[in-house]
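The values are calculated or read from the model by the stated rules, or taken from the named source; none is laboratory data. Just so we're clear, the structure is a prediction, and the values are computed from it rather than from any experiment. Here the Cβ positions follow ideal geometry from the backbone for every residue, glycine too, while neighbour counts run over all protein chains shown. Remember, those area values only see protein heavy atoms, side chains included, never the ligands or the DNA or RNA. Shrake-Rupley method; radii C 1.70, N 1.55, O 1.52, S 1.80 Å.
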Amino acid sequence: MKKSLALIFLALLALPLPAKKFSFGIEGGAGINTAFVKAGGLESDFDFIPTFRAGAAAEWNFNQVTALQLKALFHHNNGFSFTDQNGKTKASFMTVDIPLLLKLTFAGIENIPGRFAIFAGPNFSFKLGGVSESNGGWTSGQKRFDSGDIFAAGLECGAEYAFSKENGFRIGLSVLVDLSDFSKDKNFSTRRLCATPYLSYYF
């Protein structure tokens, strides 16, 4: 599965897009995560729990306003828990998120050299391995739902500020919503809602 993800990302990078400028970047951020989950007959509580994403990005600028962003981000998902007669059980899993985003850039504030942008587009997530659960803490994880690699599609949108009109540092906020379930395993399905502030650098 990891080789397939790498091949998909490289194939998309090789697309002959008529861009005036191409740039490559790295990105990382920590935010909050929640999910509606059904697993083994239990339904999750609606918790907001810290999470993080990090990875690589590419951007094709067609003009000063319009660009296309492609990202491949490792995502550690913490966002759900179960409460039953034995107390609260916390669960987490890992995905690779691949958002393909249309980006619109606008002029910045007067006397500030940067530029603001908004973006939106589809996200494709691939779950890596099973689901880890712990009782009363995050360090005592045990694999309970070994559901293998599972795919879900969603929508990602947000805003970004670049400190320079050229390459360099950027800050942003990204919101991810799953539109389909991780549901190949009949004992486990989930839809996530994630909000992640991030810092990136483009070369």
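Numbers for the structure displayed
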quantity: Residue match in the range 77-97 (condition: within 29 Å of R115 (Cβ to Cβ), assigned to a strand (DSSP E or B) and either open to solvent by less than 10 Å² (accessible area, probe 1.4 Å) or among the aromatic types (F, W, Y) (or both)); calculated: yes
quantity: Elements of type strands (runs of 3 or more DSSP E) contained in the range 103-175, each with 1 or more residues being at pLDDT 75 or above, open to solvent by 30 Å² or more (accessible area, probe 1.4 Å) and among the polar types (S, T, N, Q); calculated: 115-135
quantity: Some residue of the range 38-47 being part of a strand (DSSP E or B), open to solvent by less than 70 Å² (accessible area, probe 1.4 Å) and over 19 Å from V177 (Cβ atoms); calculated: yes
quantity: Options F62, F74: the member that is open to solvent by 50 Å² or more (accessible area, probe 1.4 Å), under 17 Å from L128 (Cβ atoms) and modelled with pLDDT of 80 or more; calculated: F74
quantity: Matching residues, the range 22-50, being hydroxyl-bearing (S, T, Y) and closer than 30 Å to Q64 by Cβ; calculated: S23
quantity: When residues of the range 178-188 are limited to those that are open to solvent by less than 30 Å² (accessible area, probe 1.4 Å) and at pLDDT below 90, the one farthest from C157 (Cα to Cα); calculated: F188
